[in-house]
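Structure first, then comments.
No value in this document is a laboratory result; all are computed from the given coordinates. Just so we're clear, the structure is a prediction, and the values are computed from it rather than from any experiment. Here the Cβ is made from the backbone with ideal geometry for all residues, glycine too, and neighbour counts use every protein chain on show.
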């Protein structure tokens, strides 16, 4: 697989799974977004002190990730999908994606539960099938 395109330090620090040659697609067709993702993973730190910080909004880690992606033009995005069946409109809203830029979507999940993971995969599949998304990236912790 094209996982060898990832720098060794990232493959060592993170467990990475890939489908449909996503790394090759990112590196070749979306070099700016590929660089952003590599930079984000290279800089990501999960200090115990920040993991144990009590709730009350976003954690320092989440705020850092949000700031990183926002500074590079990634935005939260919600897609409104409308399906027409025999002339009748049926709404099929999807949930938002955390970060979206140039046909690439990134979801970050903390302590994710199976239903949410399935929902994210279903959303990525739907957006891909509708030719809105080229690559979906999930970061799970």
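Using the number of other C-beta atoms within 10 angstrom as an exposure proxy, rank 110, 34 with the fewest first.
Fewest-to-most ranking of 110, 34: 110, 34.
Set the Förster distance to 30 Å, then compute FRET efficiency between residue 4 and residue 92 from the Cβ-Cβ distance, nearest 0.05.
Once the sixth-power term is evaluated, E becomes 0.20.
Would you mind getting me the FRET efficiency between residue 128 and residue 15? Use the beta-carbon distance for r and R0 = 30 Å, nearest 0.05. If you can, show how the numbers build up before the last one.
Values: r = 23 Å, r/R0 = 0.77.
So, using R0 = 30 Å, E works out to roughly 0.85.
Mind pulling the angle between the C-alpha long axis of helix 31-43 and the longest principal axis of the chain? Nearest 10 degrees, somewhere in 0 to 90.
Around 40 degrees separate the two axes.
Specify the angular offset, from 0 to 90 degrees and rounded to the nearest 10, of the alpha carbon long axis of helix 60-71 from the longest principal axis of the alpha carbons in the chain.
60 degrees
Given q = 0.12, 0.14, 0.15, 0.17 Å⁻¹, what are the Debye log10 I(q)/I(0) values for the stretch 2-140, with equal point scatterers placed on the Cα positions and solvent ignored?
Result of the Debye calculation: -0.54, -0.73, -0.83, -1.04.
Using only Cα atoms, find the angle between the long axis of helix 114-129 and the longest principal axis of the chain, and express it within 0 to 90 degrees, rounded to the nearest 10.
Taking Cα atoms only, the helix is inclined about 60 degrees.
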